[in-house]
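Asker: Let me begin by handing over the structure; questions about it come next.
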Amino acid sequence: MEEFIKQFFDVGFMVDHFDEVLDGFWITTQLAVLSGLLALVWGLILATLRQLPGKALLPVRFLTIAYIDVFRGIPLLMLILLIAGGVPALEFLPESLRLPQWFGKPDSFWFGVLAITITYGAYMAEVYRSGIESVPGGQMEAARSLGMSHGQAMRNVILPQAIRKVIAPLLNDFIALTKDTTLVSFIALNEVTLVASDIQSETFNSSALTLGAIMFLVVTLPLARLVDKLISREQGRFTRGAPRVEAL
Amino acid sequence: MESQANGGSMLSLQGIHKRFGDLEVLRGVDLEIKKGEVVCVLGPSGSGKSTLLRCVNLLEPPEEGDIHLEERSICRGPGSGTGEQSWELDFVRQRVGIVFQQFNLFPHRTALQNVTMAQEKVLGRSSAEAKAKGNELLERVGLGDKLNEYPERLSGGQQQRVAIARALAMDPHVMLFDEVTSALDPELVKEVLDVMRELAEEGMTMIVVTHEIGFAREVADRVVFMDGGVIVEEGPPAQVLDSPREERTKQFLGLVLDH
């Protein structure tokens, strides 16, 4: 038992390596927040493209659906490895794109952002879609019959209602995204997993990884509670009747 | 009620056909509506009444036939079908208002915002202009004290009156009413019909799909009876409602009135 605690929960060891692990977690946080925001926007763009009306835009809808299917279907880790190993070899790209070092962040950071945004954009597009499709068809008809274009109707009528309904599932995806940033350790980004696992292999003590895991919990647990709260509020609204929307 | 129709053609429908898959909902409808005329459309459910209204404002563009709005063709004859040609759509939606059975108010906006949104986005009115117009119209439908309420806080009858104000805010030349009292509790029907009656008296051109025989008798200049996707009979309310010529009209009125 003592051995078990020493291996995984050595408090003194954690204190000694706290700053290192926290530095790694800071990288993780930046990666998660930036990718999360980009995926939120990219997913909304994809969902909107998917809903474009008319025969002429069929190719756009088809390509969007193909994109979403493909990137939901392939493992994020493979995509990270494909991008990080492939893009720097593309000689026709300018060096600032092949080996991006923007804002003092290494190329592995940016490759990670790209891969996560591509994948989670596809996931979030599906979440937005479920929200858009849950808005009754009469809303679009009412907006169009008042002379609004499809785009105006989406912006002013459909999306404000749809997004409100999907805030909780989007947050769920963000929690998953935050955990998946650990995969970027495979291309040598010094985020929390890589930092902690290096400490583990040097010292044969796993407590730094445990510490990293605890840092994740500090972030993900409140988010999970928030999701629960939002869902129960949404259900409360549902049982009271029509949705009540104070401000959005 | 005295007819206010002044003779000019507002709407002209010729040979309208509409199909949903294998189901032919409209099988050749011809209808003329004059400016200022109030036409009530009666008929059993599934007779194509609502689809006819939705054809007029191109929510469901007809597959065949021609519609003229103020003497201008809004669907280019047989096979044009899509109705998405933009000038027609804009032309139609700026002139034709519609009120739906299910109200379809925007639940995330207050009563006033429901009435101002399209004024600002579509007509480009300033926020102050749109608000003034919204205030005036909501006042007119008896909801001057509900400007800042959200739809869920309003009764069905109040919501439907907001929906009427919302459509009127766009200064339509024709108003379409698609069974607007069918989803209301009986005690709320009158307040909505009263607003429509007033509108008719002011000379608005209206096509009213309804089951309210009393309203049709009192307000309509002309009653149209539809069944099976065609117009079976039309004429002045007294004639169609009291001494219908067609067997199907008699049957339907018998069912509606005998209970």
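Asker: Failed condition for A:Glu191, given (1) open to solvent by 20 Å² or more (accessible area, probe 1.4 Å); (2) under 28 Å from A:Gln7 (Cα atoms); (3) in contact with a helix residue (DSSP H, G or I) (Cβ under 6 Å, 6 or more places away or on another chain), with all others met?
Answerer: Among (1) open to solvent by 20 Å² or more (accessible area, probe 1.4 Å); (2) under 28 Å from A:Gln7 (Cα atoms); (3) in contact with a helix residue (DSSP H, G or I) (Cβ under 6 Å, 6 or more places away or on another chain), the lone unmet condition for A:Glu191 is (1).
Asker: A further question on this structure: Restricting to the range A:2-13, name every residue that is at pLDDT below 90 and surrounded by 14 or more Cβ atoms within 10 Å (Cβ to Cβ).
Answerer: A:Lys6, A:Asp10, A:Phe13
Yes/no per residue for (1) modelled with pLDDT of 90 or more; (2) out of contact with any Gly (no Cβ under 8 Å at 6 or more places or on another chain); (3) within 30 Å of B:Gln119 (Cα to Cα):
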{"position": "A:Gln152", "(1), (2), (3)": "yes, yes, yes"}
{"position": "A:Arg155", "(1), (2), (3)": "yes, yes, yes"}
{"position": "A:Asp180", "(1), (2), (3)": "yes, yes, no"}
{"position": "A:Ser197", "(1), (2), (3)": "no, yes, no"}
{"position": "A:Leu209", "(1), (2), (3)": "yes, yes, no"}
{"position": "A:Leu221", "(1), (2), (3)": "yes, yes, no"}
{"position": "A:Arg233", "(1), (2), (3)": "no, yes, no"}
{"position": "A:Phe238", "(1), (2), (3)": "no, yes, no"}
{"position": "A:Gly241", "(1), (2), (3)": "no, yes, yes"}
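Asker: In the list B:Gln102, B:Gln94, B:Gln159, B:Gln113, which residue meets the criterion of being in contact with a Phe, Trp or Tyr (Cβ under 7 Å, 6 or more places away or on another chain), open to solvent by 30 Å² or more (accessible area, probe 1.4 Å) and within 13 Å of another protein chain (Cβ to nearest Cβ)?
Answerer: So the residue among B:Gln102, B:Gln94, B:Gln159, B:Gln113 that is in contact with a Phe, Trp or Tyr (Cβ under 7 Å, 6 or more places away or on another chain), open to solvent by 30 Å² or more (accessible area, probe 1.4 Å) and within 13 Å of another protein chain (Cβ to nearest Cβ) is B:Gln159.
Asker: Of everything in the range B:123-145 that's part of a loop (DSSP other than H, G, I, E, B) and within 28 Å of B:Arg95 (Cβ to Cβ), which residue is nearest to the other protein chains (Cβ to nearest Cβ)?
Answerer: B:Leu123
Asker: Then there's this: Return yes or no: is B:Gly65 open to solvent by less than 40 Å² (accessible area, probe 1.4 Å), more than 16 Å from B:Arg93 (Cβ to Cβ) and at pLDDT below 90?
Answerer: It is true that B:Gly65 is open to solvent by less than 40 Å² (accessible area, probe 1.4 Å), more than 16 Å from B:Arg93 (Cβ to Cβ) and at pLDDT below 90.
Asker: So if I check each of A:Val166, A:Val184, which one is without any contact (Cβ under 8 Å) to a residue 40 or more places away in the chain and assigned to a helix (DSSP H, G or I)?
Answerer: Being without any contact (Cβ under 8 Å) to a residue 40 or more places away in the chain and assigned to a helix (DSSP H, G or I) holds for just one of A:Val166, A:Val184, which is A:Val166.
Yes/no matrix, rows are residues, columns are (1) of a type in the set (Lys, Arg); (2) open to solvent by less than 20 Å² (accessible area, probe 1.4 Å); (3) closer than 30 Å to A:Leu223 by Cα:
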position	(1), (2), (3)
A:Tyr128	no, yes, yes
A:Pro136	no, no, yes
A:Met148	no, yes, no
A:Met154	no, yes, yes
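The values are calculated or read from the model by the stated rules, or taken from the named source; none is laboratory data. All values derive from a computational prediction rather than experimental measurement. Please note: Cβ atoms are built from the backbone with ideal geometry, for glycine as well, and neighbour counts cover all protein chains shown. Heavy atoms of the whole protein, side chains included, go into the accessibility calculation; ligands, DNA and RNA do not. Shrake-Rupley method; radii C 1.70, N 1.55, O 1.52, S 1.80 Å.
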